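Asks: My structure is below; once you've seen it, I'll send some questions.
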Amino acid sequence: MKSSAPTIRDVAAAAQVSTATVSKYINGAQRFSPKVEAALDAAIASLGYKSNPLAKSMITGRTNTIGLSVLDVTNPHFSSILKGANRVAHDHEYSVVLVDTEETPSRERRTLEDLSRRVDGLIVSSRLREHEMAWVAEIDKPLVFFGSLNELPLPTVASDDHGGAFMLAQHLRMLGHRRIAYLGFSKSRRDEERLGGIRECLEAAGLPLAVYDAEGPSMAEGERMASNIVLGASRPDAVICYNDLMALGFMKEAASLGLSIPRDLSVVGFDNIPYGKYVTPALTTVDLQSERLGATAMSKLLSVIRGEQVEKLTKVAPQLVLRASTVARQA
């Protein structure tokens, strides 16, 4: 018969100390003399004792777990955020609990409040507007938010969406495009920044911008919206999509409608998801450094948990990635 796992009482007996001493030692609550600590280490090693994480959390009030809330786990942008966050968490002996709000703002409050009771801190992505989020600041756990906030006193990590959008528009303008459209997603706070960057660039050059609004940031929506954009009376010669997923769906449907990309129409997106370089033509995009965003947010949250001072806003610089979905337009 398999013997039962050693307990804290077994360690106490082997080291000839009290169970309270063992508990304080393994949970880091108190230091003891070198002789006592050596006896404890020897007893733990010889018995093969492993501490119970649940019991430890009950004693210390810490779970060594971080909650990460994302908007759509199937979107590779958020998968990369998780990868970066998880790497930093692992290096600091934390685990990550992932929740997916599935692009549904009505689920966010209950999901985050429930999650906050089981973790030491939270990293949050949200579709809610800032005036709808006052309750987030009242969650009694350290929290880092993705995106810029004007009023709420929360530490944040954000990509430079405005700057990235400006770079995309500038790239298209330098290629000779004059009829540019933006397929956006107005329900997202980030859409405002991206649209603002595009407008700033095009207005400086005296160029108009046609704006279309999708119901969701998905390939299916990019596909659905394509005919409205390319079969209208004033077809653009370049389209900027809110993200790469929408761009991929748009490109597929545009090709089905008889257009050649980029000969007839240049297409660009945001996020630099892995799929973008494997389609034909490969997608020009802005790399918003998703994995670095996740790593930066986790590092910042761990600093908050340790009681350290952090900057309210940390911005991650974007990078333009040029591929075959854009080409110079003949005058």
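The values are calculated or read from the model by the stated rules, or taken from the named source; none is laboratory data. Owing to the predicted nature of the structure, the values given are computational and were not obtained by experimental measurement. Note that we place each Cβ from the backbone using ideal geometry, even for glycine, and neighbour counts take in every protein chain shown. Surface accessibility is based on the protein's heavy atoms, side chains included, excluding ligands, DNA and RNA. Shrake-Rupley method; radii C 1.70, N 1.55, O 1.52, S 1.80 Å.
Asks: Among Ala169, Ala181, which is the only one that is more than 26 Å from Val316 (Cβ to Cβ), touching a residue at least 40 places away in the same chain (Cβ under 8 Å) and small (Gly, Ala, Ser)? Step through it out loud before you land on a result.
Replies: Working: Ala169 fails: more than 26 Å from Val316 (Cβ to Cβ).
The conditions single out Ala181.
Asks: Within the group Gly164, Gly147, which residue is within 24 Å of Arg292 (Cβ to Cβ), at pLDDT 90 or above, out of contact with any Phe, Trp or Tyr (no Cβ under 7 Å at 6 or more places or on another chain) and not β-branched (Val, Ile, Thr)?
Replies: Numbers: Gly164 fails: out of contact with any Phe, Trp or Tyr (no Cβ under 7 Å at 6 or more places or on another chain).
When all the criteria are applied, what remains is Gly147.
Asks: Quick one: which of Arg194, Arg190 is open to solvent by 40 Å² or more (accessible area, probe 1.4 Å), of a type in the set (D, E, K, R), within 30 Å of Glu223 (Cβ to Cβ) and in contact (Cβ under 8 Å) with a residue 12 or more places away in the chain? Break it down into steps so the answer makes sense when it comes.
Replies: Details: Arg194 fails: open to solvent by 40 Å² or more (accessible area, probe 1.4 Å).
Answer to the check: Arg190.
Asks: Within the stretch 89-107, is there a residue that is in a helix (DSSP H, G or I), among the β-branched types (Val, Ile, Thr), modelled with pLDDT under 95 and open to solvent by 20 Å² or more (accessible area, probe 1.4 Å)? Give the steps one after another, and end with the answer.
Replies: Of all residues in the stretch 89-107, those in a helix (DSSP H, G or I) come to 89-91, 105-107.
With the extra rule that they be among the β-branched types (Val, Ile, Thr), the set shrinks to none.
No; the residues of the stretch 89-107 include none that is in a helix (DSSP H, G or I), among the β-branched types (Val, Ile, Thr), modelled with pLDDT under 95 and open to solvent by 20 Å² or more (accessible area, probe 1.4 Å).
Asks: Something else about it: Could you pull out every one of the strands (runs of 3 or more DSSP E) wholly within the stretch 114-222 that has 2 or more residues that are out of contact with any Gly (no Cβ under 6 Å at 6 or more places or on another chain) and farther than 27 Å from Ala255 by Cβ?
Replies: Working: elements: 121-124, 143-146, 156-159, 180-184, 209-213.
The qualifying strands (runs of 3 or more DSSP E) are 121-124, 143-146, 156-159.
Asks: Just to be sure, is Ala158 open to solvent by 10 Å² or more (accessible area, probe 1.4 Å) and more than 30 Å from Asp237 (Cα to Cα)?
Replies: Values: open to solvent by 10 Å² or more (accessible area, probe 1.4 Å): no; more than 30 Å from Asp237 (Cα to Cα): yes.
In short, no.
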